[in-house]
1. Peptides 403-410, 265-272, 107-114: what's the order by average Cβ count within 10 Å, highest mean first?
2. Could you tally the net charge around Leu363, taking each other residue with its Cβ under 12 Å from the Cβ of Leu363, Lys/Arg +1 and Asp/Glu -1?
3. Which value in Å does the Kirkwood hydrodynamic radius of the range 1-101 take, with 1/r averaged over all unlike C-alpha pairs and then inverted?
4. For the range 395-443 and the range 285-345, compute the distance between their C-alpha centroids and round to whole Å.
5. Counting Lys and Arg as +1 and Asp and Glu as -1, each charge on the Cβ, what is the dipole of the chain about the Cα centre in debye, to the nearest 20?
6. Tell me the carbon and sulfur percent of the accessible area for the range 1-136, rounded to whole percent, probe radius 1.4 Å.
7. If you find the alpha carbon centre of the range 64-137 and of the range 350-386, how far apart are they in angstrom?
8. Per residue of the range 363-375, in order, report the coupling 6.51 cos²θ - 1.76 cosθ + 1.60 (Karplus, θ = phi - 60°) as ³J(HN,Hα) in whole Hz, putting x for Gly and Pro.
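The values are calculated or read from the model by the stated rules, or taken from the named source; none is laboratory data. Just so it is clear, the model here is predicted, and its values are computed rather than measured. Quick reminder, even Gly has a Cβ in these numbers, built from the backbone with ideal geometry, and neighbours come from all protein chains shown. What goes into the accessible areas is simple: the full protein's heavy atoms, side chains included, and nothing from ligands, DNA or RNA. Shrake-Rupley method; radii C 1.70, N 1.55, O 1.52, S 1.80 Å.
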Amino acid sequence: MTKPNISQLTTDFPLLEQLIQLNEVCWFNPNSTSLEQGLPYVGLNERDIQDASARLARFAPYIEKAFPETAISNGVIESELVAIPEMKSVLERTYSTSITGRLMLKKDSHLPISGSIKARGGIYEVLAHAESLAIREGLLSPEDDYTKLFSQEFQAFFQQYSIAVGSTGNLGMSIGIMSAQLGFSVSVHMSADAREWKKNKLRAHGVNVVEYEQDYGVAVEQGRKEALHDPNCFFIDDENSKTLFLGYSVAGERVKAQFDEQGIVVDKDHPLFVYLPCGVGGGPGGVAFGLKMAFGDHVHCIFAEPTHSPCMLLGVHTGLHDGISVQELGIDNITAADGLAVGRASGFVGRAMERLLDGYYTLSDEHMYRLLGQLAQSEGIKLEPSALAGMLGPVHVEQDQAYHQQHNLTPNQLSQATHLVWATGGGMVPEVEMASYLAKSSQ
């Protein structure tokens, strides 16, 4: 891969100087287009989402049996969608901005099993791999009752195989817990950013945790190497996996059903704006794809990143995607938002989704902590720092007149809009850790 010429890039793309200075920026994508025009570049379609949805339905009886906390939803791993009107008032006061539509929170922060958005894609890819192995060996048929997987026979079968993944924390949690439950030998290669409590939780489930002093990219590379040396080892590739991506994408139809239940309309006159924290891009990219398939051009998806790890904004803005890292700009990729501490974006997601994403913005760690404290105080909802990245999105959308013009958004439409902040993690954060987050929020 040819090294980019940074001085030429900063001349061609003046926004990069702002990134290098670690300034908060907001960039609405001038090349975003309609679903009809953008979809061919994704390489996936509605049938792929339906296939993923059907697979999750087949596994639901097993999930319910293996994880009793999912009994309330019959083994479906899903999160609440809640209004946060008090937080809306806080944002309006703090930023002197009127948010004319409703503000809601998608609580993937509290998904069962692993307490983050990664319980969607990570768990789905493990299930898809397990199903493939069992069907190949004639032990399972899609018509079977999948509770049969909850047995010594299947534990013994899966023990012959191993799974490896590189992670900043939450993906490793979901893959480690699910893999170990099925019987796989699993190794999670954890970057320097990963929280100690996440490593301890994985070890308590019998997961082999491999620690690195380097960042996410090194952890992924080492996980990939481990799999290369063992034909029975399956590497889950957060940077390029379409299976992971599809696991996340099922969220679109789920949100649509939740809106229908709550009587919330999404159409031309009632647009939906969704704000997704972004690390390497697989989770937010997959969710955005699912939302686009569910709501078409009436949904506007915007990614949020830390000022110290703006890899997707950098990749899409320059058109280099995974051909450039934030480190090459001299940015350290060190952030309290551990799930977002990624220096090089997914080339697959950036190229697949760049035409279907409205924009990108960055915010500082201090800003995330402040929002964390404000949400806890106003709504009693406690999240980890990375999950607050999306909370600033409605302010950017309301304030940017050029963005309104680009998408022909009228004051009447904005007054009837729904702003949905995607909370990506935090439900399983230990009390001591959460107390330290809250202490930092008031500093």
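1. 107-114, 265-272, 403-410
2. Residues near Leu363 contribute -3 overall.
3. For the range 1-101, inverting the mean 1/r across all distinct Cα pairs yields 19.7 Å.
4. If we compute the Cα centre of each part, the gap is 16 Å.
5. 260
6. On the way: 3140 of 6330 Å².
C and S atoms contribute 50 percent here.
7. 15
8. 8, 7, 4, 4, 5, 5, 4, 4, 5, 4, x, 5, 5
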